[in-house]
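Just below is one structure, and these are the notes that go with it.
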Amino acid sequence: MNKNLLFYLLLVIAMVFWGASWPSSKVMVSYIGAEVITFWRFFFALLASIPIVILLKIPLRLDTHTFKFLILAALCNCLYSFMYFIGLNYGSAGKGGVLVTTLIPIFAYLLTFSLYKLKKNSSKKMKKNEILGLFLGVVAGICLLNLGSWQELFGKFNTLFVFCALDWAILTLICRNIGIHPVAINLYITFFSLLFFSPIFFFQPAMFEVFYFDARFWWMMFIVAVLSTAVGTSIYYMGVARVGAAQASSFNLLIPVTALLSSFVILGEIPSVLTFIGGSMAVFAAYLINLYQPKHFGFKLKNNLSKS
């Protein structure tokens, strides 16, 4: 039990790292272009991941089937990272963090449900909690988009981050077909993503300008590449192995909160009322779709009835 409590604490810390990566990334893109930041993020994340893999003695053997899926996952990861850094130029990091992290489980569910019906030619229907969750997710999305006019619906900020969420949901589904240790998956995806971005050395003369930036930039890079990508992701995967996927994934609901809090601390961003409302609804929607079980609300009631 004490070991489980330790992992619960570590999972909370991992979610803080993931949430803090949003304002940290926004700080970095104020220094230089998204393509340069993306490359160096992968580079330093890879360097930080190698000691973790060695320390945990993670096997790295690959077969052809796994290699193909890793390449697909890396392509999705590259696209996500590039859109992510560009999108942060056009809006608040806190709002982006809430919008993306709450839309991912909704998109993942819709894709999974659609693919299952297509593959199995099934007449499977959505459960009531899933329908309610999807409805709340749509309403939450409208709140989070915070539209002042219809033109803003297809603005760069909203468009890029909605596509970020969809892209990461696809990446999640691809990773489910990769039968190696999750920490090894993280290492390989980071490595292949770095390879895919390496040609920018021939097209971007400002690649090494980052080494002249001040300490604030490097602190932000440390948060994003080391704490979030290498350490936070490894903690999460170890938590999955220790406490189970369902319990570990429930900690993802903390990311919107940590993204808003860290954006306030690092950038001084004050979230709007609509962001609070939309974020709360989206978190509850994600819970209904992915984690809800009748016993969550029925356990206490049954106990009370048995005692009376």
Requested in this report: With the checklist (1) surrounded by 16 or more Cβ atoms within 10 Å (Cβ to Cβ); (2) outside any helix (DSSP H, G or I) in hand, flag the one item TRP40 doesn't pass.
Outcome: (2)
Query raised in the report: Looking at this structure, is PHE192 modelled with pLDDT of 90 or more, of a type outside the set (Ser, Thr, Tyr), in a helix (DSSP H, G or I) and open to solvent by 50 Å² or more (accessible area, probe 1.4 Å)?
Result: no
Query raised in the report: Applying the selection to the range 237-265, what residues are modelled with pLDDT under 80, under 23 Å from LYS26 (Cβ atoms) and open to solvent by less than 50 Å² (accessible area, probe 1.4 Å)?
Result: ASN252, LEU253
Query raised in the report: Do we have any residue at all in the range 27-41 that's free of Cβ contacts under 8 Å to residues at least 24 places away in the same chain, of a type in the set (Gly, Ala, Ser) and under 29 Å from PHE201 (Cβ atoms)?
Result: yes
Report task. List the number of the failed condition for ILE270; all other conditions in (1) outside any helix (DSSP H, G or I); (2) within 25 Å of ALA73 (Cα to Cα); (3) open to solvent by 40 Å² or more (accessible area, probe 1.4 Å); (4) β-branched (Val, Ile, Thr) hold. Result -> (2)
Query raised in the report: So which residues in the range 140-161 are surrounded by fewer than 21 Cβ atoms within 10 Å (Cβ to Cβ) and modelled with pLDDT of 75 or more, if there are any at all?
Result: THR159
Query raised in the report: Just checking, which of LEU227, LEU288 is in a helix (DSSP H, G or I), under 18 Å from SER21 (Cβ atoms) and either open to solvent by less than 40 Å² (accessible area, probe 1.4 Å) or modelled with pLDDT of 80 or more (or both)?
Result: LEU227
Query raised in the report: What is the residue count in the range 76-121 for residues that are assigned to a loop (DSSP other than H, G, I, E, B) and either modelled with pLDDT of 90 or more or open to solvent by less than 30 Å² (accessible area, probe 1.4 Å) (or both)?
Result: 2
Report summary line: Note on the range 4-37: residues of a type in the set (Val, Ile, Thr) and open to solvent by 20 Å² or more (accessible area, probe 1.4 Å) are VAL12, ILE13, VAL16, ILE32
Query - Whichever residue in the range 166-189 is open to solvent by 40 Å² or more (accessible area, probe 1.4 Å) and in a helix (DSSP H, G or I) and, among such residues, is farthest from VAL27 (Cα to Cα) - result: PRO182
Requested in this report: Can you confirm whether the range 65-75 contains a residue that is within 21 Å of LEU171 (Cα to Cα), open to solvent by 10 Å² or more (accessible area, probe 1.4 Å) and in contact with a Cys (Cβ under 6 Å, 6 or more places away or on another chain)?
Outcome: no
Query raised in the report: Looking at VAL183, is it β-branched (Val, Ile, Thr) and either in contact with a Lys or Arg (Cβ under 9 Å, 6 or more places away or on another chain) or modelled with pLDDT of 95 or more (or both)?
Result: no
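The values are calculated or read from the model by the stated rules, or taken from the named source; none is laboratory data. In this text the structure is predicted, and so the values were computed from the model without any measurement. Ideal geometry is used to build each Cβ from the backbone, glycine not excepted, and the neighbour counts take in all protein chains shown. Protein only, heavy atoms only, side chains kept; ligands, DNA and RNA dropped before computing areas. Shrake-Rupley method; radii C 1.70, N 1.55, O 1.52, S 1.80 Å.
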